[in-house]
Amino acid sequence: MSKTIRRMAFISTLLTLGVSLILAGPGAPSQPQAAPAFKDTMVLPDGVPGARIKSLIEALTSGSAERFKRFLDEECEPGFRDRFPVEEHVSTAFRFYRDTGGVDFYSVRTFTPERPGTTVVVVKDRLLGNWWALTFRFGEGPKPLVAGLGFGSARTPAGIVEPPLAEKGAVEEIRSLMARIKAVDWYSGTVLVAHGADVLLTDFAGEASKAFHVPNNIGTKFNLGSMNKMFTSVAVARLVEAGKLSFDDPIGTWVDETWLPKDVSGKITVRHLITHTSGLGSYFNDAYQKSSRALFRKLDDYKPLIKDDKPAFPPGERYQYSNTGMFLLGVIIEKVTGEVYFEHIRKVIYAPAGMTDSDCYEMDYPVENLAIGYSPDPASPYKWQNNLYKHVLKGGPAGGGFSTVKDLHRFALALLGDKLVSRRTRDLMWTATKGSNYGYGFQVTESPGGKAVGHSGGFPGINSRLDIYVDSGYIVAAMCNYDSGAGALADKIGSILARVKPRS
């Protein structure tokens, strides 16, 4: 969710290079990449660049903070190394280690058209068997230092083809995968795999509370992160279908000057907000970081965080993920309906979908069977840090609510069954807008298993994902109370399901 929380410091240098990074911002979908032709050369470059690449792989695979610090000190340019505190670099490297279990070199990948100034190294992780791209930018001189780094997903190398599976075999492979990752305490959360209404697998792992050693179960409520954006967007689309709102309405019709100046709100439309093309930023800003979480419960409480936001570009010009934009859709829902946002979502989303364990719960109340979020903290004697003083006290239109994998499955079925919006509106929401992997409140991607729609969510101690495979009918929901895990697990499950022969 927050782009101001700088856990991603280690890879931030490459953001200016246009590299698609799956770790670039919690809950924020990356800009889409084209699919250029590529060639894999399965040897390291000669000389110093090859040695630097080998050294990084060794450092990442060691899981050692000291080994990675040595890489930063001896092999990285000061401009990259000193951009953020060393602890933040190490934290990101440790997260990558947890995500992968270490990686092994496969190839150096070149592209047509070329990507000047970067070296892309393909590695395979030891835990899930996923393919990753390590993108390097080297400095000048005979012994160039590393000037930038990025981690991203990589396409499967040409010529590597996994054998097809029957659906039963795919489910057994997923069960074996879950057993393996539970054995090493890699995942703390729940997972559900379904074909339409037919639930094929549910599983869970880890603890909802490490302080009291309370285990997770299949009904545990996990934080959604940015996944609440789907609910907000569907509620807006319902108002458009009812004729109470238009996607082309300027938001100044509903958002008064206590939120944004007229010269800003008059140029932004509802469509700009729901497609992340408004140019607005995120209310997780410095003012939020310095404020008590107890100040923010109702939507109106967020006005001091939003009132000075200005578009980074003319609205509609391009895509830029925006928590502020999605939050303002919640404000518009309240103005149009005369109802409190939270009550409206319960009435028009949760109730018709049968989502009985979903809401924006207040974290200072004893909500039953609710998971606490945790981030690895290898330097502390406890090894983990909870997120209670980092996250919102109560979620809202842009994220921070809670749900279960069973409720997310029900939500998917309600969408597929046209219970929430019409098929025509659903198809619009599930069509990526130009220049993005995002439709109207939903991420839209082309995966090995075909078109996938849904949303991810992330924050310190939060990682969740819903994938609805439109072509095959499979649905995958994964929710986790660690920083990471759900996204990588959902990707792996998706790649397994992609090998299943279509049902007749």
**OP:** Mind counting the residues in segment 173-195 that are of a type outside the set (Lys, Arg), open to solvent by 10 Å² or more (accessible area, probe 1.4 Å) and either under 19 Å from the mean Cα position of the chain (by Cα) or more than 17 Å from Arg98 (Cβ to Cβ) (or both)?
**Re:** 5
Original post:
Does segment 50-63 include one or more residues that are within 30 Å of Tyr288 (Cα to Cα) and either modelled with pLDDT of 50 or more or not β-branched (Val, Ile, Thr) (or both)?
Top reply: no
**OP:** Considering each residue of segment 262-276, count those that are open to solvent by 20 Å² or more (accessible area, probe 1.4 Å) and either in contact (Cβ under 8 Å) with a residue 12 or more places away in the chain or among the β-branched types (Val, Ile, Thr) (or both), and give that number.
**Re:** 5
**OP:** Go over the candidates Leu428, Leu415 one by one and state the one that is open to solvent by 40 Å² or more (accessible area, probe 1.4 Å), at pLDDT 90 or above and either closer than 28 Å to Tyr283 by Cβ or not basic (Lys, Arg) (or both).
**Re:** Leu428
Subject >> Total residues in segment 144-161, condition surrounded by 13 or more Cβ atoms within 10 Å (Cβ to Cβ) and more than 24 Å from the chain's Cα centre (by Cα) >> reply: 5
Original post:
So which of Leu149, Leu127 is outside any helix (DSSP H, G or I), over 30 Å from Ser472 (Cα atoms) and touching a Ser or Thr at 6+ places or on another chain (Cβ under 9 Å)?
Top reply: Leu149
Original post:
How many residues are open to solvent by 20 Å² or more (accessible area, probe 1.4 Å), closer than 19 Å to Ser188 by Cβ and outside any loop (DSSP other than H, G, I, E, B) if we restrict to segment 375-406?
Top reply: 7
**OP:** Might you let me know whether segment 91-104 holds any residue that is assigned to a strand (DSSP E or B) and either surrounded by fewer than 17 Cβ atoms within 10 Å (Cβ to Cβ) or within 24 Å of the chain's Cα centre (by Cα) (or both)?
**Re:** yes
Subject >> Search result, residues across segment 233-255 that are open to solvent by less than 60 Å² (accessible area, probe 1.4 Å) and farther than 16 Å from His344 by Cα >> reply: Ser246, Phe247, Asp249, Pro250, Ile251, Gly252, Val255
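The values are calculated or read from the model by the stated rules, or taken from the named source; none is laboratory data. Small disclaimer: the values here were computed from a predicted structure and weren't measured. Every residue, glycine among them, receives a Cβ derived from its backbone with ideal geometry; neighbour counts consider all protein chains shown. All accessible areas refer to the heavy atoms of the entire protein, side chains included, with ligands and DNA or RNA removed. Shrake-Rupley method; radii C 1.70, N 1.55, O 1.52, S 1.80 Å.
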